[in-house]
Amino acid sequence: MTTQLSPSVQKVQEALRALGFSIQVVELEATTRTSADAAQAVGCKVEQIAKSLVFEGKQSQKPILVIASGSNRVNEKRIGELISEPLRKADADFVRQHTGFAIGGVPPVGHLEKLDIFIDEDLLQYGEIWAAAGSPHAVFKLTPSDLIKMTGGRVTSIK
């Protein structure tokens, strides 16, 4: 764990503070790029990882963020029904363009623009969860309630 945060991770730390949260972002030696990697690095269940997945509306090209439990797959058709248009998984350039972060490190907050956010209802069963913090080596611990408050996301079934 390092004490000096990298620029993208510092941006997430500042976004959390600006939202009124005293949550501490940590950078780790181990990778947190995948849910399994992150769970191993912080010592929790894969299901407690709040993975941020960016999708693109097929007609509108609008970015959609789904924050899913680490073990769950997103049912794109279900989310498409919620936004009234089909989705596709966003490519790396689209993700960076709309969030300011690279795939594998997209946090739930601090994006370049406002995103429509959907939160996996399965995350609500845990007392604590972990989210990416701006790089594939950075995370922060929070509660599901914190996640809902900081993102304004809509809780739904994503499966």
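Just one of (1) within 17 Å of the chain's Cα centre (by Cα); (2) closer than 22 Å to D146 by Cα fails for A102. It is (2). The residues listed here are L87, L115, L124; of these, the one that is in contact with a helix residue (DSSP H, G or I) (Cβ under 6 Å, 6 or more places away or on another chain), touching a residue at least 12 places away in the same chain (Cβ under 8 Å), more than 20 Å from A38 (Cβ to Cβ) and not charged (D, E, K, R) is L87. The residues of the stretch 34-49 that are more than 22 Å from T156 (Cα to Cα) and either among the acidic types (D, E) or surrounded by 23 or more Cβ atoms within 10 Å (Cβ to Cβ) (or both), listed by number, are D37, A38.
From the list K141, K89, the lone residue that is under 20 Å from K11 (Cα atoms) and out of contact with any Cys (no Cβ under 6 Å at 6 or more places or on another chain) is K141. Checking A30 against (1) in contact with a strand residue (DSSP E or B) (Cβ under 6 Å, 6 or more places away or on another chain); (2) in a loop (DSSP other than H, G, I, E, B), which single condition isn't satisfied? Result: A30 fails condition (1) only.
Being farther than 23 Å from D116 by Cα and under 18 Å from the mean Cα position of the chain (by Cα): is that true of E27 here? Yes; evaluated as a whole, the condition is true for this residue.
A short reminder: the numbers here are calculations on the coordinates, not readings from a lab. Just so we're clear, the structure is a prediction, and the values are computed from it rather than from any experiment. Positions of Cβ are backbone-derived with ideal geometry, glycine not excepted, and every protein chain shown enters the neighbour counts.
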